[in-house]
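Novice: Here you go, one structure.
The values are calculated or read from the model by the stated rules, or taken from the named source; none is laboratory data. Predicted model only: the values in this text are computed from it and were never measured. A quick note on method: Cβ atoms are made from the backbone with ideal geometry, for glycine too, and the neighbour counts reach across all protein chains shown.
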């Protein structure tokens with residue numbers, strides 16, 4: 001490494017050496033000690049091969065064919081890099097080195113850093129996964145699910161419960177639910193002197209009993225390959241919502257076929273293993289099935305999570321959405337439910353839905369509880385989408 005008395009300058013040179021790899025040996029010096037081990041781990045993944053001299057190995061020779069070698073490499077990167085960097089390197093390794101086959105090996109699954117993207121990859125391999133790897137794969141998925149539940153459950157319960165309570169007080173209460181004291185006080189300005197009575201223009205109700213089902217929620221999730229992270233988050237959110245007695249929650253996943261996973265919502269791991277990532281997309285068919293689950297339109301929220309690339313009958317899909325909104329269903333369309341922002345999506349279908357008063361936008365998991373609260377209270381979702389885009393720097 002070039003000599004210098006400035007520690008900050010030395011650190012900059014060190015970082016550049018690790019970024020540039022072996023070709024920078026001549027100008028910046030060879031990486032030594034721990035830096036040398038880090039450099040070797042990076043080279044095994046990102047170097048495209050060399051001339052066979054100086055210890056530089058071709059990419060395929062670095063990791064591509066040996067599960068034990070990959071397992072050791074996974075252990076190395078977990079030692080040398082923070083977990084956020086490890087997750088990026090794992091995702092790159094799966095894509096660049098075609099490691100999906102090796103992920104079916106139990107020793108590989110024991111070595112990886114569990115994250116949402118890895119869960120998506122495992123779910124896509126679910127149908128071809130050998131029995132010996134299933135227990136390890138389930139443990140990886142359960143680790144991620146437990147962490148996601150810890151992240152979202154309390155916030156979701158608080159947001160949804162608060163919105164339900166507010167909605168119960170401002171909506172049209174049943175006669176038995178009217179709070180007459182608050183109703184009279186709120187309508188004193190409408191006192192009719194000649195009749196010596198108050199004409200209540202606005203009825204205020206008690207909050208409904210917690211045991212009553214106040215809203216029906218149908219989550220309809222596109223399980224095509226590009227939606228992997230959204231499927232994982234949607235499955236966990238569905239399980240959390242299903243645990244709330246004030247909601248009746250259904251979960252439907254689809255590609256060209258439709259699968260109802262509602263009866264598995266008590267265990268989000270089983271929900272996720274009930275999905276099958278990949279395949280085509282028939283949104284119209286999925287909406288057609290979901291409509292059968294909606295028996296109380298004005299008390300129902302329908303959440304479609306899809307990139308909107310429709311392989312079914314587009315005109316009928318749009319007509320069904322229009323019919324649901326006209327019947328009073330609160331329709332929400334999410335292009336993604338993940339931390340990654342909006343994926344590639346069908347802009348023409350998104351514009352057609354917006355023309356129906358149904359904005360299509362991406363939503364992060366952290367914003368989803370507030371979105372559900374807005375839907376319960378029937379706030380303006382177009383304004384919500386614009387604010388969310390502004391907060392995320394995308395609009």
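Novice: Got a sec? Which of 184, 160 is over 23 Å from residue 340 (Cα atoms) and assigned by TED's automatic domain parsing to the domain that holds residue 364?
Specialist: It is 160.
Novice: So the check is Cβ under 8 Å with 6+ separation or different chains; which pairs have a first residue in the stretch 1-26 that's in the same structural domain as residue 37 (by TED's automatic domain parsing) and farther than 18 Å from residue 37 by Cβ and a second one that's surrounded by fewer than 12 Cβ atoms within 10 Å (Cβ to Cβ) and modelled with pLDDT of 70 or more?
Specialist: Qualifying pairs under 8 Å: none.
Novice: I would also like to ask the following. For the stretch 35-65, give me each residue that is in a loop (DSSP other than H, G, I, E, B) and either at pLDDT 55 or above or within 27 Å of residue 116 (Cβ to Cβ) (or both).
Specialist: Scanning the stretch 35-65 gives 47, 48, 63, 64.
Novice: Being modelled with pLDDT of 75 or more and assigned to a helix (DSSP H, G or I) is the requirement here; does residue 12 meet it?
Specialist: yes
Novice: Within the stretch 317-344, take every residue that is assigned to a loop (DSSP other than H, G, I, E, B) and surrounded by 17 or more Cβ atoms within 10 Å (Cβ to Cβ) and give me the one that is modelled with the highest pLDDT.
Specialist: The selected residue is 329.
Novice: Would you be able to say whether some residue in the stretch 304-315 is without any contact (Cβ under 8 Å) to a residue 24 or more places away in the chain and either assigned to a strand (DSSP E or B) or under 22 Å from residue 215 (Cβ atoms) (or both)?
Specialist: Within the stretch 304-315 (the criterion being without any contact (Cβ under 8 Å) to a residue 24 or more places away in the chain and either assigned to a strand (DSSP E or B) or under 22 Å from residue 215 (Cβ atoms) (or both)), the answer is no, since none of the residues qualifies.
Novice: Turning to a different aspect of this structure: Quick one: would you say residue 325 is touching a strand residue (DSSP E or B) at 6+ places or on another chain (Cβ under 9 Å) and without any contact (Cβ under 8 Å) to a residue 40 or more places away in the chain?
Specialist: yes
Novice: Only residues that are assigned to a strand (DSSP E or B), over 15 Å from residue 276 (Cα atoms) and modelled with pLDDT of 90 or more: list them for the stretch 203-253, please.
Specialist: Answer for the stretch 203-253, where residues must be assigned to a strand (DSSP E or B), over 15 Å from residue 276 (Cα atoms) and modelled with pLDDT of 90 or more: 215, 216, 217, 218, 219, 247, 248, 249, 250.
Novice: What residue, among those in the stretch 354-369 that are part of a helix (DSSP H, G or I) and touching a strand residue (DSSP E or B) at 6+ places or on another chain (Cβ under 9 Å), is nearest to residue 230 (Cα to Cα)?
Specialist: 368
Novice: Need pairs with beta-carbon distance below 6 Å; first residue surrounded by fewer than 17 Cβ atoms within 10 Å (Cβ to Cβ) and within the stretch 132-146, second in a helix (DSSP H, G or I) and at pLDDT 90 or above; sequence gap 6+ or separate chains.
Specialist: Qualifying pairs under 6 Å: 142/269.
Novice: Can you pull out the residues in the stretch 261-300 that are part of a loop (DSSP other than H, G, I, E, B) and farther than 16 Å from residue 225 by Cβ?
Specialist: 261, 265, 266, 267, 274, 292, 293, 294, 295, 296
Novice: Out of curiosity, is residue 255 without any contact (Cβ under 8 Å) to a residue 40 or more places away in the chain, in contact with a strand residue (DSSP E or B) (Cβ under 8 Å, 6 or more places away or on another chain) and surrounded by fewer than 24 Cβ atoms within 10 Å (Cβ to Cβ)?
Specialist: yes
Novice: Suppose we filter 385, 375, 351 for residues that are modelled with pLDDT of 95 or more and either part of a loop (DSSP other than H, G, I, E, B) or in contact with a strand residue (DSSP E or B) (Cβ under 7 Å, 6 or more places away or on another chain) (or both); which single one remains?
Specialist: Of the residues listed, the single one that is modelled with pLDDT of 95 or more and either part of a loop (DSSP other than H, G, I, E, B) or in contact with a strand residue (DSSP E or B) (Cβ under 7 Å, 6 or more places away or on another chain) (or both) is 375.
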